[in-house]
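Participant: One structure follows; several queries about it will come next.
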Amino acid sequence: MWVNFFICFILALAMLYLPGVLLGSVVRSSGVLRFAFAPLVSVVLYELIAIFYQKLSIRADFFSIVTPALVLSALVFVIAVLLRKRRRERGCQESTGYSWRFAVAYIVAGFAVGMLFFVKGLDGTDTFMQAWDNAFHLNVIRYFLDSGNYSALCVTNYIDVSPTPGASYYPASWHLVCAAIVDLTGSTIPAAVSAVNFAFCSVVFPAGMYCFIERVTGANRLAVCSGVLISSAFVSFPWSFLTYGPLFPNLASISMLPAALVVIMGVFAHGSGIRQRCLAVVGSMVAVLAFGFTQPNSVFTAIVLLSPYAFVEFRRIAENKGLRIANLPKGAYYACCGCAFVLLWVVFYVLPPLHAPYTVHWPSFAPYAQSLANVLTLAYVRPQASLLLALLVVVGVVGSIKNAASRWLSVSYAIACIMLIIGESSDGFLKTFLTGLWYTDQYRVAAMAGIAATPLACIGAARVIELAKAAYPRILQVFDWKDRRGQFGVVASMVLFVGLFAPSFSVPGVAQFDTAFGGFKEDVESLYSATAPNILDSSEREFVEDVTKVVEADQGLVINQAFDGSVFAYGLYDLDVYYRSFGDAWNSGETEDSKNLRLRLDEISWNTEVKDSAQSVGAKYLMMLDYGKGETGEGCLRYYVKNDWVGLNAVNDDTPGFEVVLARDDMRLYKLVY
């Protein structure tokens, strides 16, 4: 099973990188940057192919998606190679500035951290996080496989009847990659999901983060070296997205964000030539499309993180070109920039296409003082602090403020932290206005803060290491270890690794020390456990598998109570259950047939209206995984409301119109007799 997991992991990397790397060969720039940016190009290409197929009613699968992408990319690559040969004959050279050695080091570190704290914590490859969003994610992947429609413009969980009919746009490129891998390998959907997530966390993100750190701190080589470990040391991103939500599509989009930031910076850099700026504009457009197909809020994250940089660079351009705006005092100029930023946010707030995320509200959970402490200690939204990392960020902020070239990094981080503090500690208009584009979700805003803090932590680490290096000979002299002066680099790396990634531990009789990665590891082991009590526990999964075999020949729709865990049955086992989302009962678009079945299914033996609804949707079975527990909601996901399912909860073994087919403990499969 683990062999299959790593096959899926390698396939995910191949899908994400091959087309993008080949297409990127047309651009005369660093090969490392082209590699880091390749997943964005690949995602856009796959999604455009999927949309093309959907419009022409052509069934999509792994080969029909990947083959044309590779053929087109290979053709472009061959042409680029021929043109590059001519350029070399004319003496043209590609731009450099990024090191493959560092890029590989960042990726190896990310891979090691992911293996140690995520993959090692999985209780087998088929375990999955049983939470609200994951029901939708798993079921969409299954829908892609069953329907052959991989388009992000037409996403739903149903091929035929649905409690809430209609397909719509949803950023589903992450689902596309997962579905394509399952289609080729025949692996389980949970295994493919974990493998794809691991690819984004351990390769895509660190590769892009290297380019970003190199771009903003390149003159400080010690900062770039420190980033090998620090780039993967923020639990706020990418790791917490594996255990919260889960926010897998957002995980994919933000993992691609650092590489996109580097390209977007080329649009505003005062030293960019016309050709470089045009290429950066094209790359920025590709990034916007990639984020639109994975999770659009990364576009707004990029705006927050790079607005200070853009304002600084625009002033430098104005000074070089002698524009009148350069005559403004710096204070007045940056005040105008702040007003422009607020005005842009007002435009976002009133735009009708962006209205939906503003309607979602996540309540505050901490007073102002605690929220401030959370930010200062880099706990952000989690219960464990990262004290060493917090110290490095503080030192880095001080260092960046002293350096005009990197001062904007502190401004970006300050904006993200203000948004996070307001999001954690308040409710109301200001919170919605500032963080509504992230659904007022504090975890998503914390991810933005973590991205902004990473280069600052690298700058801080460089300064701390310089101070430690100066003091190191004295320490050796005290302990008479003069022959070990050449080992400073090894010692510094070990101290940094232990300080950043130490597991939780206790000193008997003194105290328990919960670390950031210790807490994350515990979350993984708990949420991805195959044996721990859960909404869909191991015995219920076995029962659902048996139900799938029983109803396979009959091909009948199975009515289910979504909150008892059966909501996952379609995604996991391709069982044709009726309720595949937790919130169908609250949806204003719910059909009358669905309402009749939810609220009056127990009347099917004599109520003509209920019979008609059952016939209309093709219902033949009822599956209950928590039989007899409808009143208490025991075994159900939180947010369960018993009055939403009174028609199902009222059914028992003696109810007319229901014939027992399978019965095991508190699980039942009934055949509807009407």
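Participant: Which condition number does residue 168 fail, the rest of (1) at pLDDT 95 or above; (2) in contact with a strand residue (DSSP E or B) (Cβ under 7 Å, 6 or more places away or on another chain); (3) open to solvent by 10 Å² or more (accessible area, probe 1.4 Å); (4) small (Gly, Ala, Ser) being met?
Facilitator: Result: residue 168 passes all but (1).
Participant: If I filter segment 349-400 down to residues being assigned to a helix (DSSP H, G or I) and among the β-branched types (Val, Ile, Thr), which single residue comes out as most open to solvent (accessible area, probe 1.4 Å)? Before the answer, list the steps.
Facilitator: Residues of segment 349-400 assigned to a helix (DSSP H, G or I): 349-350, 352-358, 368-376, 387-400.
Within this subset, residues satisfying the condition of being among the β-branched types (Val, Ile, Thr) are 350, 375, 393-395, 397-398.
Working: 350: 99, 375: 10, 393: 5, 394: 77, 395: 39, 397: 37, 398: 73 Å².
So the residue we want is 350.
Participant: Also, I was wondering about something else. Tell me, which residue of segment 171-192 that is in contact (Cβ under 8 Å) with a residue 12 or more places away in the chain and assigned to a loop (DSSP other than H, G, I, E, B) is surrounded by the fewest Cβ atoms within 10 Å (Cβ to Cβ)? Spell out the reasoning first.
Facilitator: Here is the first cut: in segment 171-192, the ones in contact (Cβ under 8 Å) with a residue 12 or more places away in the chain are 171-185, 187-192.
Going one step further and asking which of them are assigned to a loop (DSSP other than H, G, I, E, B), we end up with 171-172, 187-188.
On the way: 171: 22, 172: 26, 187: 22, 188: 20.
Step by step, filter segment 171-192, then rank; the result is 188.
Participant: Say whether the condition of being at pLDDT 95 or above and either of a type in the set (Asp, Glu) or crowded, with 21+ Cβ neighbours inside 10 Å (or both) is met by at least one residue in segment 57-64.
Facilitator: Yes, because at least one residue in segment 57-64 is at pLDDT 95 or above and either of a type in the set (Asp, Glu) or crowded, with 21+ Cβ neighbours inside 10 Å (or both).
Participant: Which condition breaks for residue 27 when tested against (1) modelled with pLDDT of 95 or more; (2) within 21 Å of residue 209 (Cα to Cα); (3) touching a Leu at 6+ places or on another chain (Cβ under 7 Å)?
Facilitator: (1)
Participant: Checking the condition touching a helix residue (DSSP H, G or I) at 6+ places or on another chain (Cβ under 9 Å), in a helix (DSSP H, G or I), open to solvent by 20 Å² or more (accessible area, probe 1.4 Å) and among the aromatic types (Phe, Trp, Tyr), which residue from 53, 17 passes?
Facilitator: That would be 53, the only listed residue that is touching a helix residue (DSSP H, G or I) at 6+ places or on another chain (Cβ under 9 Å), in a helix (DSSP H, G or I), open to solvent by 20 Å² or more (accessible area, probe 1.4 Å) and among the aromatic types (Phe, Trp, Tyr).
Participant: Still on this structure, please answer the following. Can you name the residue in segment 640-653 that is among the charged types (D, E, K, R) and open to solvent by 50 Å² or more (accessible area, probe 1.4 Å) and is also farthest from residue 579 (Cα to Cα) among such residues?
Facilitator: First pass over segment 640-653, keeping only residues among the charged types (D, E, K, R): 642, 644, 653.
Those still in the list that are open to solvent by 50 Å² or more (accessible area, probe 1.4 Å) too: 642, 653.
Numbers: 642: 15, 653: 22 Å.
Looking at residues that are among the charged types (D, E, K, R) and open to solvent by 50 Å² or more (accessible area, probe 1.4 Å), I get 653.
Participant: Another question about this same structure. For residues that are within 17 Å of residue 208 (Cβ to Cβ) and touching a residue at least 12 places away in the same chain (Cβ under 8 Å), scanning just segment 268-288, find the one that is most open to solvent (accessible area, probe 1.4 Å).
Facilitator: Taking segment 268-288 and keeping what is within 17 Å of residue 208 (Cβ to Cβ), we get 280, 283-284, 286-288.
Among the residues that remain, those that are also touching a residue at least 12 places away in the same chain (Cβ under 8 Å) are: 280, 283-284, 286-287.
Working: 280: 7, 283: 9, 284: 20, 286: 37, 287: 1 Å².
So, considering only residues that are within 17 Å of residue 208 (Cβ to Cβ) and touching a residue at least 12 places away in the same chain (Cβ under 8 Å), the one most open to solvent (accessible area, probe 1.4 Å) is 286.
Participant: On to the next question. In this structure, is residue 245 under 20 Å from residue 526 (Cα atoms), modelled with pLDDT under 95 and not basic (Lys, Arg)? Step through it out loud before you land on a result.
Facilitator: On the way: under 20 Å from residue 526 (Cα atoms): yes; modelled with pLDDT under 95: yes; not basic (Lys, Arg): yes.
Taking the combined requirement at face value, the residue satisfies it.
Participant: Condition first: within 30 Å of residue 625 (Cα to Cα), of a type in the set (Val, Ile, Thr) and not in a helix (DSSP H, G or I). Now tell me which residues in segment 498-540 satisfy that.
Facilitator: 531, 535
Participant: Identify, from the list 149, 139, the residue that is open to solvent by less than 30 Å² (accessible area, probe 1.4 Å), within 20 Å of the chain's Cα centre (by Cα) and modelled with pLDDT of 95 or more.
Facilitator: Numbers: 149 fails: within 20 Å of the chain's Cα centre (by Cα).
Exactly one of 149, 139 is open to solvent by less than 30 Å² (accessible area, probe 1.4 Å), within 20 Å of the chain's Cα centre (by Cα) and modelled with pLDDT of 95 or more, namely 139.
Participant: Then there is this: Considering only segment 289-307, state which residues are free of Cβ contacts under 8 Å to residues at least 60 places away in the same chain and open to solvent by 20 Å² or more (accessible area, probe 1.4 Å).
Facilitator: 299, 303
Here is a yes/no grid of residues against (1) assigned to a loop (DSSP other than H, G, I, E, B); (2) over 30 Å from residue 187 (Cβ atoms):
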residue: 606; (1), (2): yes, yes
residue: 623; (1), (2): no, no
residue: 626; (1), (2): yes, no
residue: 632; (1), (2): yes, yes
residue: 643; (1), (2): no, yes
residue: 651; (1), (2): yes, yes
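Participant: Within the set of pairs 6 or more residues apart or between chains, which connect a residue that is in contact (Cβ under 8 Å) with a residue 60 or more places away in the chain inside segment 413-432 to a residue that is surrounded by fewer than 14 Cβ atoms within 10 Å (Cβ to Cβ) and part of a helix (DSSP H, G or I) with Cβ atoms less than 6 Å apart?
Facilitator: Close Cβ pairs (under 6 Å, with a partner that is surrounded by fewer than 14 Cβ atoms within 10 Å (Cβ to Cβ) and part of a helix (DSSP H, G or I)) amount to 425/368.
Participant: Take residue 574 and tell me if it is of a type in the set (Asp, Glu) and either closer than 22 Å to residue 538 by Cβ or open to solvent by less than 40 Å² (accessible area, probe 1.4 Å) (or both). Walk me through it before giving the result.
Facilitator: Numbers: of a type in the set (Asp, Glu): yes; either closer than 22 Å to residue 538 by Cβ or open to solvent by less than 40 Å² (accessible area, probe 1.4 Å) (or both): yes.
Taking the combined requirement at face value, the residue satisfies it.
Participant: Within segment 605-639, work out how many residues are surrounded by 13 or more Cβ atoms within 10 Å (Cβ to Cβ), in contact (Cβ under 8 Å) with a residue 40 or more places away in the chain and of a type in the set (Ser, Thr, Tyr).
Facilitator: Number of matching residues: 4.
Participant: Which of the residues spanning segment 420-440 are open to solvent by 10 Å² or more (accessible area, probe 1.4 Å) and outside any loop (DSSP other than H, G, I, E, B)? Walk me through it before giving the result.
Facilitator: Of the residues in segment 420-440, the ones open to solvent by 10 Å² or more (accessible area, probe 1.4 Å) are 421-422, 425-430, 432-434, 439.
421, 422, 425, 429, 430, 432, 433, 434 - these are the residues of segment 420-440 that are open to solvent by 10 Å² or more (accessible area, probe 1.4 Å) and outside any loop (DSSP other than H, G, I, E, B).
Participant: Can you name every residue in segment 368-384 that is under 25 Å from residue 466 (Cα atoms) and touching a residue at least 60 places away in the same chain (Cβ under 8 Å)?
Facilitator: Pass one, segment 368-384, residues under 25 Å from residue 466 (Cα atoms): 376-378.
Listed by number, the list holds a single entry, 378.
Listed here are the residues, each with its yes/no results for (1) surrounded by 11 or more Cβ atoms within 10 Å (Cβ to Cβ); (2) under 22 Å from residue 216 (Cα atoms).
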position	(1), (2)
309	yes, yes
328	yes, no
331	no, no
336	yes, no
339	no, no
347	no, no
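Participant: Does segment 531-540 include one or more residues that are open to solvent by 10 Å² or more (accessible area, probe 1.4 Å), over 30 Å from residue 595 (Cα atoms), in contact with a helix residue (DSSP H, G or I) (Cβ under 9 Å, 6 or more places away or on another chain) and at pLDDT below 95?
Facilitator: Within segment 531-540 (the criterion being open to solvent by 10 Å² or more (accessible area, probe 1.4 Å), over 30 Å from residue 595 (Cα atoms), in contact with a helix residue (DSSP H, G or I) (Cβ under 9 Å, 6 or more places away or on another chain) and at pLDDT below 95), the answer is yes, since at least one residue qualifies.
Participant: Quick one: count up the residues across segment 213-254 that are within 23 Å of residue 460 (Cα to Cα), of a type outside the set (A, V, I, L, M, F, W, C) and either open to solvent by less than 10 Å² (accessible area, probe 1.4 Å) or over 19 Å from the mean Cα position of the chain (by Cα) (or both).
Facilitator: Of all residues in segment 213-254, those within 23 Å of residue 460 (Cα to Cα) come to 213-239.
Remaining after also requiring of a type outside the set (A, V, I, L, M, F, W, C): 214-215, 217-218, 220-221, 226-227, 231-232, 236, 238.
Going one step further and asking which of them are either open to solvent by less than 10 Å² (accessible area, probe 1.4 Å) or over 19 Å from the mean Cα position of the chain (by Cα) (or both), we end up with 214-215, 217-218, 220-221, 226-227, 231-232, 238.
Going through segment 213-254 one residue at a time, the tally reaches 11.
Participant: I'm checking my understanding of the structure. Among residues of segment 547-576 that are free of Cβ contacts under 8 Å to residues at least 60 places away in the same chain and in a loop (DSSP other than H, G, I, E, B), which one is farthest from residue 145 (Cα to Cα)?
Facilitator: Initial filter on segment 547-576 (free of Cβ contacts under 8 Å to residues at least 60 places away in the same chain): 548-549, 552-553, 555, 566, 569, 573, 575-576.
Pick out the ones that are also in a loop (DSSP other than H, G, I, E, B) and you get 552-553, 555, 575-576.
Details: 552: 17, 553: 20, 555: 18, 575: 13, 576: 14 Å.
Among those residues, the one meeting the criterion is 553.
The values are calculated or read from the model by the stated rules, or taken from the named source; none is laboratory data. Note that the structure is a prediction, hence the values are computed from the model and not measured. Here Cβ is always computed from backbone atoms with ideal geometry, including for glycine, and neighbour counts include all displayed protein chains. All accessible areas refer to the heavy atoms of the entire protein, side chains included, with ligands and DNA or RNA removed. Shrake-Rupley method; radii C 1.70, N 1.55, O 1.52, S 1.80 Å.
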